[in-house]
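Heads up: the structure comes next, in structure tokens.
The values are calculated or read from the model by the stated rules, or taken from the named source; none is laboratory data. Note that the coordinates shown come from a computational prediction; the quantities given were computed from them, not determined experimentally. Heads up, the Cβs are rebuilt from the backbone with ideal geometry, glycines too, and the neighbour counts pull from every protein chain shown. Note: accessible area is taken over every heavy atom of the protein model, side chains too, but ligands, DNA and RNA are not part of it. Shrake-Rupley method; radii C 1.70, N 1.55, O 1.52, S 1.80 Å.
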Amino acid sequence: PPPPPPDEPDPDWRRITCPVMSALVKNGDLVPSPAGLITKQQTFDALLRVGISEKVATETTDDNFDHIDSLDLNVFRMNTVSSGPPDPPGPAEHFRSTGIRDSRQPEHSVYPPFERCAAFDGTAGEFSSDDIVKCANLIWDHETCCEGGLPPKLQSNDVLDSKRPLACGSTDSGLSGCDPDCEEPLGCPTDETPCCRSQLHGAINFMFQEFGTPTGEAAHMSTTDMKKLWLEAEYPPDFIARSPRGCVDTADPSAAGCQLCLDEVTTTGPGGLPVTATTSTEAQRYCRCLASKQLSAHELDSIPEHTSLECSKDPMVSANVTLTDRRRALSELTGPRELFDSVADGAALRNLLSSFYQSRGLAYDDVDVLITSQTPSTYSVRLATSRSDAVYLAYSIRVELRRFAQETAAPIDISDVTVSDDLRLTDCGQFCEAQGSFLSGFVPRRPPPPSPPGPDIDPCLRPCLQGTCQELSAFATCDQLSEVGCDCHGCCTESSSPPSPPAPPLPPPSEGPLLLSNPRTSAGSTAFAKRFLTKVTDGKSKTFGKSKKNKKNPWFSAKVTLENQQPVRSVTVTRDTKNKPSKAKKYLEDFEVWVGKKAGEKAVKCGGPFAWSKIKKGPVATPCDAAKSKHRYVTVILPGTRKTLAFGEIEVR
């Protein structure tokens, strides 16, 4: 075997050119070998363990290690492009460089132009995404020098020509506007379509959006925290608070390796309300710990706390598939008990899905597919997928899987396929990953192609993927459909962010109450919830609905059938009039009303807590002025421990 490499004579974190790598090493999250070597897998694991998203950990380690046969590098000798003696071959630097960390220690005198960009958006003292993308990324994105202004134009510390973008000349920069795919009819502002997008942009974007708070495009970071990260390799305080690095058991790859993080999560929040990752840093820390374990989406779904704490969930296509016995009955099978075989049929269905994915150009992985037998001929199929593939996969399964099965030589036929409209394409909340590309920086999303000229047609009949907007709008909002190249405005549900232009006035809603369906309760079966709904919508306050007794924060929720996509305007709750006032008070005093996108979700508060002095006088009506059309579930909750919720009537308008 070859002799081991010699020990690194100067293992000082200050020598590490990358501020993120430097922070990992300085804080003990990434421990190099005596020779200063770190491996790709070791670095990937360290990034996940401190709370960096899987996307960023994957892209950064792929680019830094995949060109090296041994998949390791000396982290203290990454300055391979230098006017002086370069470090040994191995790591690949960025195309252009700031020079802030290219010496034996961070250059404090080089940093001030970067800090000036914090004022680019008009708010000094902290960085925003605009400050980074439109100012900080561009300072050293030049091979000529120099100009003042904001952003200032400074010469790159060095240039790695092997990473030069194809259309980027020596006089071009991120503001050149020479994107070859940019066509005048689409409109191409030069500050959004540069031909010099490079890893310089991507690395700064990723660092800011992963270490800022909240994570993702909405991140912010104070100038003090940014300076300490660049020059002193110190994690920002908000990042430390949400990082699982202090409670994760690195020796246990299962969910049990996050038990210490879970133990730090309190059982109730302020006012006795449920604890979630949105309201609790400890809960968010536990969720990020689970993410670092690289469990499958189905494994995460099986962890109760992953759901109750509202950790980030991957998109999921849920379907029910019914098999027919036609093919087997016509072949070798004779007795009716042999027509279906859950083991053989489940395996055949899995193989069929693998072929189906391949025929549609989708990546198939067994761990993403969960098949459960419900009856001898019916199977529940849950398919974990990516956000970019979810809508197409759901549509393909619903429309094409049955025909595909009939056209193949599979030993099963399918008689029916139903697909849930809920693909879990929810907002990323506290778990947004950095956007864009590590190699190219911020890549603006192009708008969908405009509708073809000609007479106006029903927007629901416009083509979208292999179907129409009407078929696809069941799965996604307008913004989500735009991401896959569909212009379905006028047929789909508008997203709340970014804001859309004002829509034409809708017809006024009817004066009667809105229809409620799909009831759920915090405890109890679906049948129990349906009985509850029947009692609180029969127009009689004496036939009241009542939750299970002595529960924590009991709630009742039902889906509202909206008219003309107009949001919920008001909710009226009436106490039960059968019980004595003292008991009715116990069942309803301090109740609250919320609306959300799913049962029990508290997205927008309509009103509460309501005092008994108001409840006892009669129906309590509360407006829901902040509700949007996506908030289709109304929830009545009674905060507290050992509570029982009961009321006579609910009316939604």
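Six or more apart or on different chains, Cβ atoms under 8 Å: show the pairs whose first residue is in segment 248-263 and open to solvent by 30 Å² or more (accessible area, probe 1.4 Å) and whose second is of a type in the set (Lys, Arg) and in a helix (DSSP H, G or I).
Between residues of segment 248-263 that are open to solvent by 30 Å² or more (accessible area, probe 1.4 Å) and residues that are of a type in the set (Lys, Arg) and in a helix (DSSP H, G or I), the close pairs are THR250/ARG49.
Kindly provide the set of residues from segment 264-281 that are open to solvent by 60 Å² or more (accessible area, probe 1.4 Å) and among the small types (Gly, Ala, Ser), ordered by number.
GLY271
Can you pull out every residue in segment 159-193 that is in contact with a helix residue (DSSP H, G or I) (Cβ under 8 Å, 6 or more places away or on another chain) and either at pLDDT 80 or above or open to solvent by 50 Å² or more (accessible area, probe 1.4 Å) (or both)?
Looking only at segment 159-193, we keep the residues that are in contact with a helix residue (DSSP H, G or I) (Cβ under 8 Å, 6 or more places away or on another chain), and these are 163, 173-175.
Of everything in segment 159-193, those that are in contact with a helix residue (DSSP H, G or I) (Cβ under 8 Å, 6 or more places away or on another chain) and either at pLDDT 80 or above or open to solvent by 50 Å² or more (accessible area, probe 1.4 Å) (or both) turn out to be LYS163, SER173, LEU175.
Looking at ASP72, ASP29, ASP63, ASP10, which is the one that is in contact (Cβ under 8 Å) with a residue 12 or more places away in the chain and surrounded by fewer than 14 Cβ atoms within 10 Å (Cβ to Cβ)? Full working, then the answer.
Values: ASP72 fails: surrounded by fewer than 14 Cβ atoms within 10 Å (Cβ to Cβ); ASP29 fails: surrounded by fewer than 14 Cβ atoms within 10 Å (Cβ to Cβ); ASP63 fails: surrounded by fewer than 14 Cβ atoms within 10 Å (Cβ to Cβ).
Within the list ASP72, ASP29, ASP63, ASP10, the selection yields ASP10.
Any idea how many residues of segment 107-136 are over 31 Å from the mean Cα position of the chain (by Cα) and open to solvent by less than 10 Å² (accessible area, probe 1.4 Å)?
Of segment 107-136, the ones over 31 Å from the mean Cα position of the chain (by Cα) are 107-113, 116.
Of the ones still in play, those that are also open to solvent by less than 10 Å² (accessible area, probe 1.4 Å) are 111.
Qualifying residue count for the region: 1.
Of all helices (runs of 4 or more DSSP H) completely enclosed by segment 467-548, which ones contain at least 2 residues that are at pLDDT 85 or above and either among the aliphatic types (A, V, I, L, M) or open to solvent by less than 40 Å² (accessible area, probe 1.4 Å) (or both)? Reasoning before the result, please.
Values: elements: 469-472, 478-483, 526-536.
Because the criterion is at least 2 residues that are at pLDDT 85 or above and either among the aliphatic types (A, V, I, L, M) or open to solvent by less than 40 Å² (accessible area, probe 1.4 Å) (or both), the helices (runs of 4 or more DSSP H) in segment 467-548 that meet it are 526-536.
Kindly provide the set of residues from segment 578-610 that are open to solvent by 50 Å² or more (accessible area, probe 1.4 Å), in a loop (DSSP other than H, G, I, E, B) and under 14 Å from PRO639 (Cβ atoms), ordered by number.
Within segment 578-610, the first condition is being open to solvent by 50 Å² or more (accessible area, probe 1.4 Å), and the residues that meet it are 578, 580-583, 585-586, 589-590, 597-598, 602-603, 605, 609.
If we keep only those that are in a loop (DSSP other than H, G, I, E, B) too, we end up with 578, 580, 589-590, 597-598, 602-603, 609.
GLU589, ASP590, LYS602, PRO609 - these are the residues of segment 578-610 that are open to solvent by 50 Å² or more (accessible area, probe 1.4 Å), in a loop (DSSP other than H, G, I, E, B) and under 14 Å from PRO639 (Cβ atoms).
Report, ordered by the first and then the second residue, all pairs with beta carbons closer than 6 Å, sequence separation of six or more or different chains, a first member in segment 161-185 that is of a type in the set (Gly, Ala, Ser), and a second member that is open to solvent by less than 50 Å² (accessible area, probe 1.4 Å) and at pLDDT 85 or above.
Listed by first residue and then by second, the contacts come to SER170/GLU143; SER173/ASP141; SER173/HIS142; GLY174/LEU138; GLY174/ASP141.
Would you check which residues across segment 305-329 are open to solvent by 20 Å² or more (accessible area, probe 1.4 Å) and within 16 Å of the chain's Cα centre (by Cα) and list them?
Residues of segment 305-329 that are open to solvent by 20 Å² or more (accessible area, probe 1.4 Å), as a first pass: 305, 307-308, 310, 312-314, 318, 320, 322, 324-329.
Within segment 305-329, THR307, GLU310, SER312, LYS313, ASP314 meet the criteria.
Which numbered condition trips up VAL50, out of (1) buried (at least 23 other Cβ atoms within 10 Å of the Cβ); (2) touching a Pro at 6+ places or on another chain (Cβ under 8 Å); (3) at pLDDT below 95?
Against the list (1) buried (at least 23 other Cβ atoms within 10 Å of the Cβ); (2) touching a Pro at 6+ places or on another chain (Cβ under 8 Å); (3) at pLDDT below 95, VAL50 comes up short only on (3).
Can you name the strands (runs of 3 or more DSSP E) wholly within segment 343-445 that have at least 1 residues being within 19 Å of SER312 (Cβ to Cβ), in contact with a Lys or Arg (Cβ under 8 Å, 6 or more places away or on another chain) and aliphatic (A, V, I, L, M)? Steps first, answer last, please.
Values: elements: 369-375, 378-384, 413-419.
In segment 343-445, the matching strands (runs of 3 or more DSSP E) lie at 369-375.
Looking at this structure, is ILE38 open to solvent by less than 10 Å² (accessible area, probe 1.4 Å), part of a loop (DSSP other than H, G, I, E, B) and either modelled with pLDDT of 95 or more or farther than 20 Å from GLY436 by Cβ (or both)? I'd like the intermediate steps shown before the answer.
Details: open to solvent by less than 10 Å² (accessible area, probe 1.4 Å): yes; part of a loop (DSSP other than H, G, I, E, B): no; either modelled with pLDDT of 95 or more or farther than 20 Å from GLY436 by Cβ (or both): yes.
In short, no.
Kindly indicate the residue of segment 194-214 that is open to solvent by 10 Å² or more (accessible area, probe 1.4 Å) and assigned to a loop (DSSP other than H, G, I, E, B) and also modelled with the highest pLDDT among those meeting that condition.
PRO214
I need the full set of residues from segment 282-304 which are touching a residue at least 40 places away in the same chain (Cβ under 8 Å) and surrounded by fewer than 16 Cβ atoms within 10 Å (Cβ to Cβ), in order please.
Answer for segment 282-304, where residues must be touching a residue at least 40 places away in the same chain (Cβ under 8 Å) and surrounded by fewer than 16 Cβ atoms within 10 Å (Cβ to Cβ): just GLN294.
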